[in-house]
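Peer 1: Starting off with a structure, shown below.
Every number here is computed from the coordinates shown, using simple stated rules; none is lab data. All figures in this text were calculated on a predicted structure; none of them were measured in a lab. Positions of Cβ are backbone-derived with ideal geometry, glycine not excepted, and every protein chain shown enters the neighbour counts.
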Amino acid sequence: MSERSEIGSNAAGLVEALDNQKLIVFGVLEIAKEDCPAGEEALCGKSAIMVGNAGPDLWAVFSKSAEFKDGLADSLNRWTERVIGTIAEQYNCRALYPFGEPFWPFQRLAQRASGIRPSPLGILIHPEYGLWHAFRAVLVFEGKGELADEVQSLMQASGDLTHPCDTCVDKPCLTACPVGAFSGEALDVKACFSHIDSTSDPKCMQLGCRARDACPIGVQYRNTDAQVRFHMKSYRS
């Protein structure tokens, strides 16, 4: 097998390994100097891919895992480290996560990799998935980045990456919150927490964030009810 064929085979294997865990590749990027925290300068200039999930597919895998069932804290983070860490080791790359130390600027990395931008809620919005997606890790490759390039060639076309909020006239996300916690500039965390800790309707801890649910983009990818409750509990803890 030629070197090029081997790289292509490895790229296909990597994408398949991610897909088996219901993880997807959102895009390819180069780690820039301003991205690197102190002590991580060696990663500057290396090619990487942004890995995450969309909709309820990952929940079907994670909710059956040992991490989910053991009752210990940070179950999704621990599952992410185990699953993505194993894949990273198999394909000789370094996994960076949006939690723990050192701090990596995931919002900035995600925007550069995927081309998407923030919604008025501050959450990055995807033109297909809407607000129902998450970025779980960045995989950084050794060498000249040929594997990252091959992964990008295997990605499905992203389609129209026009920012959906630009053409959304009503912006229902900004008026759906029962306590007006979203201003379009910032989240009033105190008002949000005060409501979800109360017995007042609507009961967002069970139903999910009303502002997020009001977005008309990607509704077919909405999280399951159990998934919504899990993330609301994590958000409040």
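Peer 1: Straight distance only, please: which lysines reach the Cα of Lys190 with their own Cα at less than 24 Å, same-chain residues fewer than 8 apart left out?
Peer 2: Within reach: Lys171, Lys203, Lys233.
Peer 1: Report the equivalent ellipsoid semi-axes for the chain in whole Å, largest first, defined as the square roots of five times the eigenvalues of the gyration tensor built from alpha carbon atoms.
Peer 2: 33, 20, 17
Peer 1: Okay, next question. Would you list Val28, Val219, Val138 from fewest to most Cβ contacts within 10 Å?
Peer 2: Val219, Val28, Val138
Peer 1: Also: Which value, in debye to the nearest 20, describes the size of the charge dipole of the stretch 112-202 about its Cα centre when Lys and Arg Cβ atoms bear +1, Asp and Glu Cβ atoms bear -1, and nothing else is charged?
Peer 2: Taking the Cα centre of the stretch 112-202 as origin, the dipole is about 160 debye.
Peer 1: Spelling out what I want: for every residue of the stretch 146-154, take phi, set θ = phi - 60°, compute 6.51 cos²θ - 1.76 cosθ + 1.60 (Karplus), and round to whole Hz; glycine and proline get x.
Peer 2: 4, 5, 4, 5, 5, 4, 4, 5, 8
Peer 1: I would also like to ask the following. Can you list the HN-Hα couplings for the stretch 32-40, worked out from phi with the Karplus curve (6.51, -1.76, 1.60; θ = phi - 60°), rounded to whole Hz and with x for Gly and Pro?
Peer 2: 8, 4, 6, 7, 7, x, 4, x, 10
Peer 1: For the stretch 166-236, just say rounded, prolate or oblate: build the C-alpha gyration tensor, square-root its eigenvalues into a ≥ b ≥ c, call rounded for a/c under 1.5, and beyond that prolate if a/b exceeds b/c, oblate if not.
Peer 2: Here the stretch 166-236 falls in the oblate category.
Peer 1: Can I ask one more? Compute the distance from the alpha-carbon center of the stretch 13-69 to that of the stretch 161-237, in whole Å.
Peer 2: Between the Cα centre of the stretch 13-69 and that of the stretch 161-237, the gap is 25 Å.
Peer 1: Give the lysines whose C-alpha is closer than 22 Å to that of Lys22, dropping any in the same chain fewer than 8 places away, or say none.
Peer 2: Lys64, Lys69
Peer 1: Turning to a different aspect of this structure: When the helix-only estimate is applied to the chain (DSSP H runs of n ≥ 4, each -39,500 (n - 2.57), divided by the residue count), what is the mean residue ellipticity at 222 nm, nearest 500 deg cm²/dmol?
Peer 2: Using -39500 (n - 2.57) per qualifying helix, the result is -11000 deg cm²/dmol.
Peer 1: From the Cα gyration tensor of the stretch 45-130, with a ≥ b ≥ c the square roots of its eigenvalues, which class applies: rounded if a/c is under 1.5, or else prolate if a/b is larger than b/c, or else oblate?
Peer 2: oblate
Peer 1: Related question: Would you mind counting up the charge near Ile31? Only other residues with Cβ under 13 Å from its Cβ, with Lys and Arg at +1 and Asp and Glu at -1.
Peer 2: Here the charged neighbours net out to -1.
Peer 1: Sticking with this structure for a sec: Quick one: net charge around Arg112, please, counting Lys, Arg +1 and Asp, Glu -1 for every other residue with C-beta under 15 Å from its C-beta.
Peer 2: Every neighbour counted, the sum reads +1.
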